[in-house]
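Data block below; observations after.
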Amino acid sequence: MPALILITGHLCNNNCIFCSDKFFRKEGNPTLEELKKIMIENPHCDELVLQGETTIRKDIFELLTFVKTRNLKRVQLLSNGRMLSNYEFCKKIVSLNTITDFLINTPAHKQETHEKITQVPGSFKQTKKAIQNLKKLKQYVTAYCAIIKQNYIYLPEIASYYLKLDVDEVQMVFVHPLGNASTEFFNVTPKISLIEPHLIKSLDILSKEKIKIAMNGIPLCIMGKYSDKIIPFNKAISFYAKKVNDKESMKFIDESNITIDLKENIKTKFPQCKQCIKNNSCEGVWNRYAKEYGGKEFKPIK
C-alpha cells in the first residue's frame, strides 16, 4: 500500500542552510480542513508521513486527533524537535497515541556546528532535549542527518553522539540541492568522494552497535559493504514524491509512479556506470550535482 506524504506546512522555527522548502515559505501553512480533505480523498494510503514542522501548528492536537481516526498502520512525524523539548508538550503529543515513530533532524554533535546549520541559537540543546524526552516516553526515534559541507568531516563523531542519545535508527542522506541548498549549492554541497572515508567510519561505528541504518542519495560505488543500506526509490517515502496538486500540500508515492519522472529527471548516471555490477540497483547522483561536479570521481565496481 502507498504512503501519503502530507506537507502540513512550509513555515518553520529553524532556517537550515540545506532546507529544500525555502521557496514555499511564502505560501504559509494549509488549513486543518485542507489537510483533512487530502487524507479523506486518499483512503488507499495506509501510511502517513507528516512533513514540514507540524509541531508549530496551533491546531496540532486537533490534526493528530483526526489522524488517529484514520486507523493507519504507520504515522511518522518529521521534526527538528525544538517544540518537543518541552516535556509536557511532548508528553501530550505522545499521549494521543497517534505517532508511531519520530524522525528528528539532528545535523551535528556539537552546538556550534548544529546552530551554524540551523541558524537558530539554542536549537542544539532543544533538539537534544527533544530526543531525550521521546526516549524517556519510550518512543521510536530516528536521528536524521543531511550530509553537507559543514558536517561531513564530523560524521564519525555524529554517529557516536547518536549512540549516546540511544536513538533507534539513523538516516544519513546526501543533501538534495533544492531551496536553500540550491541557491547555496557550492557552500553546502561537498564532493561525494570526499565524504566517503568519514561516512564509512561512521557506519562502522553504528553497525557495531547493531543500530538500524538507512542511507539515501549516495551512489553505491561509494558505499562499499554498506550498499544494502541505501533506501530504494519505492521505499524512500520521506525523500521522493510526485507532485499531485499545485500547492504542494500533498505528495503521494507508490511503486507505480516512481518511473521516468524521477529516475531520469532528478537523478543522473555516467558512462562508466554501465560497467558497474551495481548499475541496475544504483540511483546515481542528483542532476544538479552532475551538472556542477561531473562524474570523474566515481569508479565502477567490477
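The values are calculated or read from the model by the stated rules, or taken from the named source; none is laboratory data. Just so you know, these numbers come straight off a predicted model, no measurement behind them. Methodologically, a virtual Cβ is constructed for each residue, glycine included, from the backbone with ideal geometry; neighbour enumeration extends over all protein chains shown.
With respect to the conditions (1) surrounded by 14 or more Cβ atoms within 10 Å (Cβ to Cβ); (2) assigned to a helix (DSSP H, G or I), E33 lacks only one, and its number is (1). The single condition among (1) within 24 Å of E169 (Cα to Cα); (2) surrounded by 15 or more Cβ atoms within 10 Å (Cβ to Cβ) that K73 does not satisfy is (2). Summed over the range 1-30, residues that are at pLDDT below 75 and either among the acidic types (D, E) or crowded, with 21+ Cβ neighbours inside 10 Å (or both) total 2.
Does L163 satisfy the criteria of being of a type outside the set (G, A, S) and either assigned to a helix (DSSP H, G or I) or surrounded by fewer than 16 Cβ atoms within 10 Å (Cβ to Cβ) (or both)?
Yes; evaluated as a whole, the condition is true for this residue.
Scanning the range 146-195 for residues that are at positive phi and in contact (Cβ under 8 Å) with a residue 60 or more places away in the chain yields a single hit, G179. The combined condition, being within 26 Å of F89 (Cα to Cα), among the hydrophobic types (A, V, I, L, M, F, W, C), crowded, with 18+ Cβ neighbours inside 10 Å and touching a helix residue (DSSP H, G or I) at 6+ places or on another chain (Cβ under 8 Å), is not fulfilled by F174. If you go through the range 45-64 and pick out every residue that is within 9 Å of A3 (Cα to Cα) and in a loop (DSSP other than H, G, I, E, B), you end up with 2.
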